[in-house]
Amino acid sequence: MKILKDIKLHFITVILFGIMFPVLIFLIGLLFPSQSKGIPIYQDNKLVGYENIGQYFYSDKYFWGRPSEVNYNAKSAGASNKGPTNPEYLVQVENRIKEFLLINPTIKREQIPSDLVTGSGSGLDPHISSQAALIQIERVAKARNIIDREKILKLVNNNIEEPLLGIFGPKNINVLKLNMALDKLNNNDLE
Amino acid sequence: MVNEYYGVILIILLLFVLSVPLGKYISKVFQGEKVWSDFLSPLEHFIFRIAGINENESMDWKENSKALLRINFIFFLWSFGFLLLQGEIGFLNPLNILNMEPTLAFNTAASFTSNTNLQHYSGETGLSYISQMLVIGFLQFVSAATGIAAFALFIKGILQNKVTNLGNFYNLFLKSCTRILLPLSFTLAIILLLNGVPATFESPSTIVSLEGDSVTVASGPAAPMIAIKQLGTNGGGFFGVNSTHPFENPNYFTNIVETISLAIIPIALVFTFGFLINNKKLSLLFFGVMTIFFLLFTTAAVKLETQGNPEIAKLGIMQPLGSLEGKEVRLGSAATALWSVSTTSTSNGSVNGMSDSMTPLTGGILILDMSINAIYGGVGVGFLNFFMYVIIAVFIGGLMVGRTPEFLGKKIEVREIKIAVLLILLHPFLILAGTGISTFIINNNPHIGWLSNPSYHGFSQMLYEFTSAAANNGSGFEGLGDNTPFWNISTGVIMLLNRFIPIIGAIAIGGFLASKKVVPFSEGTLKVDSVAFAVILLGVIFIIAALAFLPVLTLGPIAEYFSM
């Protein structure tokens, strides 16, 4: 019976590639406990996030990330999948622009980079462009009562992640890391 | 932006340079020459002994085709059954995910058996960890190996001289798994792991964000599966949003590695062909024809996406990073455009940005790319598809100069040409018939809620879905509400038809060619390893694709472009 031989070969390949291969990678991962769990960030022994998973920021005192179709719900990531000419979508973007201008009154429309008002692919994009951070400094400083804007500007500049090897790919800023550094800055101020 | 262009150039260069030695290695594996991975041969012998298969028995095209179909049918039944019952298995299912609905399970089993990886479910919420491993990850290996084995059988057919046997499917299949896919996947999985792609069996953790909100973060044994989904032109992601997810593609470096991985085996196989038939010039010409299309599409897509969306520009904001809806800032619009063209060229179907939100003409390019379905193409099968165009070009070229159509000393006769033409026409037939039927349905039931976009773009969403299914690609204009019985069954059937009919057709042609006598080269022979033939081939591909698909593209992406 040829089919019996095929069934046997089937189960052998299931064991090899369905079980042994992923388990082997898992075992090697045990040598890299942080990476193999997605690079978690702990604060006072509490899990506060993952380096690469964006978080939903909406208070004035934090830098905001990109709009997210799922509000940064990392249980079920997702994108808008709106087409480029969809009228409903364009109204949504316009509303985001208006809202941003309202909350950041010192900023002009033409200073807003598109990453701040368009949804990301994963809905968990951890990054924004440096321009997107620069135009939020005024609001953040005000909300935190930091008079010296230069301090925050310096923080933003320190958090710019350069292209790979300085040559390949875009520059960007990890919003979570920037906000954590910001919280630290404030704490130091209070001391 | 200039750094983004450098990134694109780097990826393309690395891809081309690395695929040549890989092609050489694969040719050695198929010829049974000494290679470094020979330490695996006791394992392979052991597997065949347990299964009771004689891997050295040479079979003709019919026996090989039957073996291929039989084992793939078992793969399909296994997956279908497993997904239907996944909720009953109380093991490695931390989120207590339930049994899959039957039409969705059918679609998913068809999709992964056919190397398509169209996903009408979302990985985080639709599959348990054990299903991800024993169905998805498993099928990503064996479906890719099926394609590579079919490729090897076909090449054997060209090389044989009046012999009916093509070799042994099982042997080629297992070697494709152990010698090609396994070492590459292992390497890639480790690279991904080191960059923060999870490989854990822990339940999803809950974090308290800086704002004080509680958020559950889905995770799992992702790294091994993402490796094989990239390398085997599978494309089905661990997470629903595929390689846009920061856990699936954490940084620009992993993006470089993943982009190279998704296209490297299809390109390497073109060189493998050259090494096997001992005609490097011919494989370079084939590579050149494919690459002309690839570079043309890439340049256009990169330009369109980095320019930004004209409709957003009208709102008066800056678009320094190009069109960003559905894209990730760490990857950028240029690298995302390159990935999109690579993934549609090679029938991979993984994405690192949402095709649905790209500018209209980019969407059109992606559909056209899948319509040709032979610019490198899926592992193994891409070359076979390409060869159907070659047969037609040989026929037309032969007619033009009044010579008998021949390919490397093998007469191409009515039988082969009939099969090639039928296979080439099957693709547009399935796509256009499917799109026509779905358009008819939605026209009569406008409130059915399939489309996330109105008008031309909505039409493109349906066209893209059927093109992707027929091309065994698996990417989508994901705004399409495709988890319904209509889409599950129609695309499921199309994926299976357009997977196995072309494979069997190609193996049959291989069998026919094998039994023919090699005719010595003479004055009356059409020279296929010449630039003139490459030009004919280029023209044939362009004309067939343009005739079959330009009209329908006009109704979708092109109309949307002119509406801006």
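The values are calculated or read from the model by the stated rules, or taken from the named source; none is laboratory data. Please read all numbers here as calculations on a predicted model, not as lab measurements. When we count neighbours, we look across all protein chains shown, and the Cβ atoms used for this are built from the backbone with ideal geometry, even at glycine. The protein model used for the area step is the full one, side chains on, heavy atoms only, and it has no ligands, DNA or RNA in it. Shrake-Rupley method; radii C 1.70, N 1.55, O 1.52, S 1.80 Å.
Observations
- Qualifying residues in region B:6-25 (those that are touching a residue at least 60 places away in the same chain (Cβ under 8 Å) and open to solvent by 60 Å² or more (accessible area, probe 1.4 Å)) - the one farthest from residue A:166 (Cα to Cα): B:24
- Subset tally (residues that are out of contact with any Pro (no Cβ under 9 Å at 6 or more places or on another chain) and either closer than 29 Å to residue A:146 by Cβ or more than 7 Å from chain B (Cβ to nearest Cβ) (or both)) for region A:16-50: 13
- Restricted to helices (runs of 4 or more DSSP H) entirely inside region B:253-357, those with at least 1 residues that are facing chain A (nearest Cβ under 7 Å) and touching a residue at least 60 places away in the same chain (Cβ under 8 Å) are B:310-313, B:332-345.
- Test: residue in region B:458-474 that is within 14 Å of another protein chain (Cβ to nearest Cβ) and more than 30 Å from residue B:380 (Cβ to Cβ): yes
- Helices (runs of 4 or more DSSP H) wholly inside region A:126-191 that include at least 2 residues being assigned by TED's automatic domain parsing to the domain that holds residue A:48 and more than 18 Å from the chain's Cα centre (by Cα): A:137-143, A:149-158, A:175-190
- Residue that is farthest from the other protein chains (Cβ to nearest Cβ) [pool: residues in region A:83-120 that are free of Cβ contacts under 8 Å to residues at least 24 places away in the same chain and of a type in the set (D, E, K, R)]: A:99
- Count of region A:142-171 residues, restricted to those that are open to solvent by less than 10 Å² (accessible area, probe 1.4 Å), touching a residue at least 24 places away in the same chain (Cβ under 8 Å) and under 30 Å from residue B:11 (Cβ atoms), is 1.
- Among the residues of region A:80-123, those identified as acidic (Asp, Glu) and open to solvent by less than 50 Å² (accessible area, probe 1.4 Å) are A:94, A:115.
- Of the candidates B:69, B:84, B:95, the single residue that is under 19 Å from residue B:495 (Cα atoms) and either touching a helix residue (DSSP H, G or I) at 6+ places or on another chain (Cβ under 6 Å) or within 14 Å of chain A (Cβ to nearest Cβ) (or both) is B:69.
- Residue, modelled with the highest pLDDT, within region B:40-79, restricted to residues that are charged (D, E, K, R) and more than 30 Å from the chain's Cα centre (by Cα): B:49
- Subset of region B:141-170 (residues that are open to solvent by 10 Å² or more (accessible area, probe 1.4 Å) and either within 11 Å of another protein chain (Cβ to nearest Cβ) or without any contact (Cβ under 8 Å) to a residue 40 or more places away in the chain (or both)): B:170
- Considering residues of region B:192-251 that are facing chain A (nearest Cβ under 7 Å), without any contact (Cβ under 8 Å) to a residue 24 or more places away in the chain and not in a loop (DSSP other than H, G, I, E, B) only, the residue surrounded by the fewest Cβ atoms within 10 Å (Cβ to Cβ): B:208
- The residues of region A:24-36 that are surrounded by fewer than 18 Cβ atoms within 10 Å (Cβ to Cβ) and closer than 25 Å to residue B:328 by Cα amount to a single one, A:34.
- Number of residues in region A:58-82 that are at the interface with chain B (Cβ under 8 Å from one of its Cβ atoms) and of a type outside the set (Gly, Ala, Ser): the value is 8.
- Being within 8 Å of chain B (Cβ to nearest Cβ), in contact (Cβ under 8 Å) with a residue 24 or more places away in the chain and in contact with a Pro (Cβ under 8 Å, 6 or more places away or on another chain) is true of residue A:53.
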